[in-house]
Amino acid sequence: MRARPPSRLLLAAVVAASLGVRAPEGPRRAAAADAPEPPRPGPVVEPAPEPVVERDVVYGRGGTTELRLDVVHPATGEAPWPAVLLLHGGGWRSGARGDLFARALALARRGYLAATADYRLAPADPFPAAVEDVSCAVRFLRAQAGPWRLHPRRIAVWGDEEGGGHLALLLGVLGAGDGFHGTGGHAAHARDVQAVVAFHAPSDLTTWRAWTSAEPFLVQRYGKGSEGLLADFLAARERASPALARASPTTYVSAGDAPVLSVHGDADPVVPVEQARALHRALRVAGVAERLVEVPGGAHGLGGAQREAADAAALAFLDERLLGVAPAAAAAAPPAAAAPADPGGTLELDLVYRRVGATSLHLDLARPVGDGPFPVVVAFHHGPYTPKARADLHDDLRWLAGEGFAAVSVEYRGPVKGVYPTPVEDGRAALTWVREHAKERGLDAARIAVAGAKVGGWVALHLALATPTDGSPRPRAAVVRYAPTDLAAPEFDDNPVIGRLREVLAGTPKAASDAVRRASPLTWVDAADPPVLVFHHPADRAIPFSQSERLVAALGKAGVTARLETLRGSGHGSERVPQTPQDREDFNRVRRETLAFLRTALALPGGGTPPR
């Protein structure tokens, strides 16, 4: 096939180009000349420089262990930089420096040199190993003032939770003569800091105990309850050990200590807020600059808007103390969560409802403002079955009182002091006390509900499902969370975590025994039972989800109104000790659904049609 000859226009263009002459434009090009010119690009905006990260920097030695930190160098501001040492949480036995890397990066973008450090953990390296390590980390930062261009007299420490927060407080209050320097290195430099930020930190280990309701969370998270965490950290098994005072920041408070900002939820069940309040009282007496940010309704760990507001307060504090930036005239307080309402009523404590031999059993009663009669919720705690364990439910009592209910928290002889039917007999005696004292205390004895979690839920279910033979009032509704319902079920044989619960509750490990059958709430299900609301997490490792599924199915088959609400948070009890946004959502949903259910079941204004 013959090639087509080039067009005259193309030839003209080639010749013109070779001679440096503009070629004639064809019709298409001429038409384009009439179109508007494309917009010219604007000025080039260079991206902000990113902080520079150094990882695995050896800052000292703890015994034979190399101690490491990650450092993030700022890319804004002017040297010498202020520095912040970040200490992770983890109950002194877990966690790693990487847990706070995002926080270090955020600080570096704000103009701080930020370092997040590892330290030795219990039980392999008990107190004072961790204190010596973090002391060494501060000395190391000061030794690096030249190479890293940081300001040696503008160093702060930021600590999280019952590990890092506690260690941060110690760095703020320990003097040169108080010891715990260790031999990790950089002895020519001081370990003092110029500011402390502590989140959810214990300050007095001689008095620190988690609420009973938080113990299952600690066991799930760390494999230990609060007493076990302390014992491992201090290598001391006795509460009377002097190690508790030696390891407590409150022991060392004195004039001249570093300024302290504490952030603490006033509903924290792991490290109760009184730990922060006691520290700040001592700081004020000593004349130390301090600020306590109490988060209304905040638990152990904050999320969402609460965490953002708390972080903003902490950053403003660091800016003030290390950069000389004047604080805002009115800093926004962290927003409240769905916290217990203030009843504005009364909370009566230590009311004796039963005497068994020389033992007196007590209950606490919260009532709303007004004369009543008020519907009543009788609540049963879970463990450790000591006279004061019922105080763990005081927040729930106040919340219920704020919603128009009288609420009772009952001391009972739990599995440690008596197997079935002893705890149930105590529960029936408490219901009888409510009826007998209804008129004088403004209680509606015809509208009583019961509530509880785990073993407390087990007691509540017995009271609701088994027909009383002693003349005690029968509840009109029950709300329970992750309660054991069928002690003969095979999961008690297959799961070593809960295997002993059958024996603890029924007094025998034999699944086929009559004692196990009678101690199982499932045994007592019949058509006369009141409505039941159950909350449970499908991945619960302490009480299998199947226990609640089996109960709700049996109630439904008997024609009883029953509902199983699935929790979505971290696991067993996580809604009581929220650590994540989903835990917090579970906390709020449990309260919303409980109120709606009780108002309907007890035929209260604002409720739906009562069941049957």
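The values are calculated or read from the model by the stated rules, or taken from the named source; none is laboratory data. Every value quoted in this text rests on a predicted model; they were computed, and no experiment measured them. Positions of Cβ are backbone-derived with ideal geometry, glycine not excepted, and every protein chain shown enters the neighbour counts. Each accessible area value is taken on the protein alone, full model and side chains, heavy atoms only, with ligands, DNA and RNA left out. Shrake-Rupley method; radii C 1.70, N 1.55, O 1.52, S 1.80 Å.
Of all the listed residues (Leu567, Leu551, Leu555), the sole one being over 27 Å from the mean Cα position of the chain (by Cα) and under 29 Å from Gly225 (Cβ atoms) is Leu551.
Yes/no matrix, rows are residues, columns are (1) at positive phi; (2) of a type in the set (A, V, I, L, M); (3) not in a loop (DSSP other than H, G, I, E, B):
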{"site": "Leu85", "(1), (2), (3)": "no, yes, yes"}
{"site": "Ala106", "(1), (2), (3)": "no, yes, yes"}
{"site": "Pro123", "(1), (2), (3)": "no, no, no"}
{"site": "Asp133", "(1), (2), (3)": "no, no, yes"}
{"site": "Pro147", "(1), (2), (3)": "no, no, yes"}
{"site": "His151", "(1), (2), (3)": "no, no, yes"}
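Of all the numbered requirements in (1) open to solvent by 10 Å² or more (accessible area, probe 1.4 Å); (2) at pLDDT below 95; (3) under 18 Å from Asp160 (Cβ atoms), Gly91 misses one, and that requirement is (1). Does Ala198 qualify as being under 30 Å from Gly63 (Cβ atoms), part of a loop (DSSP other than H, G, I, E, B) and either in contact with a strand residue (DSSP E or B) (Cβ under 8 Å, 6 or more places away or on another chain) or among the small types (Gly, Ala, Ser) (or both)? So Ala198 fails the test. The number of residues in the range 235-262 being in a helix (DSSP H, G or I), touching a Leu at 6+ places or on another chain (Cβ under 7 Å) and either among the aromatic types (Phe, Trp, Tyr) or open to solvent by 10 Å² or more (accessible area, probe 1.4 Å) (or both) comes to 3.
Here the condition is being assigned to a strand (DSSP E or B) and open to solvent by 30 Å² or more (accessible area, probe 1.4 Å); of Leu533, Leu564, Leu522, it holds for Leu564 alone. What about Asp192, is it farther than 19 Å from His382 by Cβ, touching an Asp or Glu at 6+ places or on another chain (Cβ under 7 Å), open to solvent by 10 Å² or more (accessible area, probe 1.4 Å) and of a type in the set (Asp, Glu)? Judged against the criteria, Asp192 is not a match.
Evaluate the range 76-87: report whether one residue or more is surrounded by fewer than 18 Cβ atoms within 10 Å (Cβ to Cβ), within 24 Å of the chain's Cα centre (by Cα) and touching a residue at least 12 places away in the same chain (Cβ under 8 Å). No, the range 76-87 contains no residue that is surrounded by fewer than 18 Cβ atoms within 10 Å (Cβ to Cβ), within 24 Å of the chain's Cα centre (by Cα) and touching a residue at least 12 places away in the same chain (Cβ under 8 Å). Taking the criterion of being open to solvent by 60 Å² or more (accessible area, probe 1.4 Å) and either touching a residue at least 12 places away in the same chain (Cβ under 8 Å) or closer than 14 Å to Ala130 by Cβ (or both), the only residue of the range 66-75 that qualifies is Arg68. Note on the range 403-458: residues that are aliphatic (A, V, I, L, M), closer than 21 Å to Leu551 by Cβ and open to solvent by 40 Å² or more (accessible area, probe 1.4 Å) amount to 1. Where residues in the range 41-76 are within 20 Å of His151 (Cα to Cα), outside any strand (DSSP E or B) and not hydrophobic (A, V, I, L, M, F, W, C), which of them is modelled with the lowest pLDDT? Looking at residues that are within 20 Å of His151 (Cα to Cα), outside any strand (DSSP E or B) and not hydrophobic (A, V, I, L, M, F, W, C), I get Thr76.
Inclusion of Glu238 among residues that are under 30 Å from Gly573 (Cα atoms) and without any contact (Cβ under 8 Å) to a residue 60 or more places away in the chain is warranted. Summed over the range 181-204, the residues that are within 20 Å of Val84 (Cβ to Cβ) and among the acidic types (Asp, Glu) give a count of 1. Scanning the range 580-595 turns up one or more residues that are of a type in the set (Ser, Thr, Tyr), within 17 Å of Pro269 (Cβ to Cβ) and touching a residue at least 12 places away in the same chain (Cβ under 8 Å).
Leu463 meets each of the listed conditions (1) surrounded by fewer than 20 Cβ atoms within 10 Å (Cβ to Cβ); (2) in contact with a Lys or Arg (Cβ under 8 Å, 6 or more places away or on another chain) apart from (1).
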